[in-house]
Amino acid sequence: MVREFCETDIQKVMKLLNKSKPYVLAHHEYIYWMLSSFHSETSYVYVESDSIIGFLGGMQSIQESSVFIWQICVDPEYRRKNIAMELLSELDKLLINKNIENIQLSITRGNSASLKLFKKFTLRKSLQLQFIKTVELSASTEDLYKISK
């Protein structure tokens, strides 16, 4: 079941993120508190038997009428069961029901599984996945994409 991310989920989500290295890492818990307090409408957890096995952290940008997917991950033991697809589908509802024009995301260069996921998602939903630019950071190279109708 997918539901909004809340403050009581923070420790479980951080544990999940630490199991998802190297492409997804847990950051300071204050960041997750901000997501749960100010971005719960765009951040979700996938829960099964009281365990959090999936997480999508998203932040809405009012200026760009978009949602940026900051992190998405699924417990390694539960991958390939469409859990990430369900998390993304929840976010997709905002494209339909709210004034969100697009979803933006970055993918670490070399993370082919993530790129494959987003290509599969956009194909299933008849959406467009567009490369925007490459962002060079000190620790990684990220490719920025936009998903739109």
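Per residue, the average separation of C-alpha pairs within less than 8 Å and at least 6 apart gives region 16-149 a relative contact order of 18 percent. For the chain, complete DSSP H runs whose alpha carbons reach 20 Å or more along their own long axis and whose mean Kyte-Doolittle score is 0.0 or higher are 83-97.
Extending 7 Å from Cα along the Cβ direction at Lys19 and again at Ser61 yields two label points whose distance is 3.2 nm.
Overall, the accessible surface of the chain at a probe of 1.4 angstrom is composed of carbon and sulfur to the extent of 50 percent. One way to sum up the overall shape of the chain is the equivalent ellipsoid from its Cα gyration tensor, whose semi-axes run 21, 18, 16 Å, largest first. Placing +1 on the Cβ of every Lys and Arg and -1 on the Cβ of every Asp and Glu, with nothing else charged, gives the chain a dipole about its Cα centre of roughly 680 debye. Lysine pairs in the chain with alpha-carbon atoms under 13 Å apart, 8 or more places apart or on different chains: how many are there? For the chain, the number of qualifying lysine pairs is 5.
If you roll a 1.4 Å probe over the heavy atoms of the protein chains, what accessible area per residue do you get for the chain, in Å²?
So the chain comes to 58 Å² accessible per residue, rounded to a whole number.
Computed with a 1.4 Å probe on the full set of protein chains, the accessible area for Ile103 sits at about 0 Å².
Placing unit charges on the Cβ atoms of the charged side chains and taking the dipole of the chain about its Cα centre, the candidate lying farthest along the positive direction among Thr108, Thr8, Phe68 is Thr108. Our coupling estimate for region 76-82, obtained by passing each phi through the Karplus curve with A = 6.51, B = -1.76, C = 1.60 and θ = phi - 60°, is x, 6, 10, 5, 6, 10, 6 Hz, Gly and Pro reported as x.
Calculated mean residue ellipticity, 222 nm, the chain: -9500 deg cm²/dmol, from DSSP H runs (n ≥ 4) at -39500 (n - 2.57) each, averaged per residue and rounded to 500.
The values are calculated or read from the model by the stated rules, or taken from the named source; none is laboratory data. Fair warning: this is a prediction, and the values are worked out from it, not measured in the lab. Glycine gets a Cβ as well: all are built from the backbone with ideal geometry, and neighbour counts include every protein chain shown. Accessible surface areas use protein heavy atoms only, side chains included; no ligands, DNA or RNA. Shrake-Rupley method; radii C 1.70, N 1.55, O 1.52, S 1.80 Å.
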